[in-house]
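Trainee: Sending over a structure as structure tokens; questions will come in a sec.
The values are calculated or read from the model by the stated rules, or taken from the named source; none is laboratory data. Everything numeric here is computed off the predicted structure, so don't read it as measured data. Positions of Cβ are generated from backbone atoms using ideal geometry, with glycine treated the same way; all protein chains shown enter the neighbour counts. These area figures cover heavy atoms from the full protein model, side chains too; ligands, DNA and RNA do not enter into them. Shrake-Rupley method; radii C 1.70, N 1.55, O 1.52, S 1.80 Å.
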Amino acid sequence: MTDILPVADLVDQHCHGVLRTELGLGTFEARLATAGGQAAPGTTFFDTQTGFAVRRWCPPLLGLEPHCPPAGYLARRRELGVLETGRRLLRATGVTTYLVDTGLRGDLTGPAEIAVASGADARELVRLESLAEQIADTSGTVASFLANLAEAVHASAASAAAFTSVTAARHGLEPDSGPPSPGTVRGAAGRWLAGRESERRAARTGGGGPSAPYASLDDPVLLRHLLWTAVACGRPLQFHLHSTDPQRLAGFAAATAGLGSDLVLLHSYPYHRQAAQLASVHPHVYADVGAAPARTGARAAAVLAEILELAPFGKLLFSSGAQGLPELHVVGARQFREALGRVLGDWVGDGAWSRTDATRVAAMIGSGNARRVYGPA
């Protein structure tokens, strides 16, 4: 039997808050899906690697047997209530610091609430696109928007653990990834702001009201400008990939070399080998090993071993990528711990690694590398 090497405390370098409201079966189940949405008729998202992992790890934390039926688990969840369920689950992750992306819409807890519920530290990750959209809503002209945006990005850099961006996942980056010219930026900002104002007027006419969502930031020029504004601050910059080939960022990685801002590639599975390879090429590029263990369940060790084949061990960081359900925080941490412990335990058992080195590398990936990249609060 494999000697599973113990993995110490974790820094979750990217996650989201948990829902504050009670969930029914359908809503809970939809949150298990990678891409959201509803299960096909006659099927359930509990019949996925993530669903099985939830039923393995979470019921005992609420006083139930592992692998209990979903209906029984959700009944126990309702009995305990949202707050107590969240507290029990988050305190069982072994995470000592959460870096919380606050850029998603919805009734999600923020870093302060995560800290209270988990008994751990929590810091904010500022999503650049959401920040720009907030600034657009309070800026009357192109000049004021661009000035306010630059000020907001620099102010966020003083307190945030890092910036995070969905640009790569949604739009990619052009091969010419240098900063756009000021004139090009002003033109792009004018077009985007005009589009938002047009949508705002249409929403008011149609009864959408002032709270209706307006055009998200999708202009490639403005997105590139936003990324370069963040790079100039010297803080780490995370890129959500979500099934996007990391090679789309190769040009930007080359262009930002030596500028003092580390790039972290998030959620790269099934392109995890490509992310690991990019991290091996550029000193300032890091690869996230999170999300893959939760999504691949019983195959997590095999996927993690593939990442470890390519990337230097000092370039890998853990995250759960969890959002909405505290169960996903548990699954992300538990699956990662077991998978990494199993892989390294095998290598120690084969004589390829010493136990001392394996323990040291486990601590690097679990927390040490993140503390080095993101620094103290």
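Trainee: Pull up all non-local amide H partners of Val285: gap of 5 or more, or a different chain, and H-to-H distance under 5 Å with H placed in the peptide plane.
Mentor: Leu263
Trainee: On the Cα set of the stretch 311-352, report Rg and Dmax in Å, please.
Mentor: 13.0, 42
Trainee: Right, here's the next one. Starting from the Cα gyration tensor of the stretch 1-120, take the square roots of the eigenvalues, sort them a ≥ b ≥ c, and report rounded, prolate or oblate (rounded when a/c is under 1.5, otherwise prolate if a/b is larger than b/c, else oblate).
Mentor: It comes out rounded by the Cα gyration axes.
Trainee: Using a 10 angstrom cutoff on alpha carbons, build the Gaussian network for the chain and name the most mobile of Leu23, Leu263, Leu125.
Mentor: Leu23
Trainee: What's the extension gain from Arg201 to Asp218 if we count 0.36 nm per residue and subtract their Cα-Cα distance?
Mentor: Net length gain for the segment: 4.1 nm.
Trainee: For the stretch 77-134, with all protein chains present and a 1.4 Å probe, just round the carbon and sulfur fraction of the accessible area to a whole percent.
Mentor: The value for the stretch 77-134 is 50 percent carbon and sulfur by accessible area.
Trainee: Tell me the relative contact order for the chain as a rounded percent, counting alpha carbon contacts under 8 Å between residues six or more apart.
Mentor: Once normalised by length, the contact order is 23 percent.
Trainee: Got a sec? What order do Phe45, Phe252 fall in by accessible area at 1.4 Å, biggest, i.e. largest, first?
Mentor: Result, largest first: Phe45, Phe252.
Trainee: Can you list the HN-Hα couplings for the stretch 289-301, worked out from phi with the Karplus curve (6.51, -1.76, 1.60; θ = phi - 60°), rounded to whole Hz and with x for Gly and Pro?
Mentor: Each residue's phi maps through the Karplus curve to give 9, x, 6, 4, x, 5, 7, 9, x, 5, 9, 4, 4 Hz.
Trainee: Could you work out what % of the accessible surface of the stretch 223-338 is carbon and sulfur, using a 1.4 angstrom probe and leaving DNA, RNA and ligands out of the count?
Mentor: Answer for the stretch 223-338: carbon and sulfur cover 51 percent of the accessible area.
Trainee: Karplus couplings for the stretch 99-104 from phi (6.51 cos²θ - 1.76 cosθ + 1.60, θ = phi - 60°), rounded to Hz, Gly and Pro as x?
Mentor: 9, 10, 6, 9, x, 7
Trainee: By the gyration tensor of its Cα atoms, with a ≥ b ≥ c the square roots of the eigenvalues, what is the shape of the chain: rounded for a/c under 1.5, prolate for a/b over b/c, or oblate?
Mentor: Because a/c hits 1.5 or more and a/b fails to exceed b/c, the chain counts as oblate.
Trainee: Accessible area per residue of the chain at 1.4 Å probe, in Å²?
Mentor: Per-residue value: 41 Å².
Trainee: Name the residue, out of Gly103, Gly183, Gly332, whose mean-square fluctuation peaks in a Gaussian network model built on the chain with Cα pairs under 10 Å.
Mentor: Among Gly103, Gly183, Gly332, the largest GNM mean-square fluctuation belongs to Gly183.
Trainee: 7 Å from Cα along Cα→Cβ at both Ala363 and Ser159: what's the point-to-point distance in nm?
Mentor: 3.3 nm
Trainee: Would you please give the residues with an amide H less than 5 Å from that of Ala322, counting only those at least 5 places away or on a separate chain, with H modeled from the backbone geometry?
Mentor: Residues meeting the amide H criterion: His16.
Trainee: Taking every DSSP beta bridge that has both residues in the chain, what percent is antiparallel when rounded to the nearest 5?
Mentor: Within the chain, antiparallel bridges account for around 5 percent of the total.
Trainee: Show the residues, 5+ positions off or on another chain, whose built amide H is closer than 5 Å to the amide H of Ala162.
Mentor: Under 5 Å from the amide H of Ala162 lie the amide H atoms of Val126, each far enough along the sequence or on another chain.
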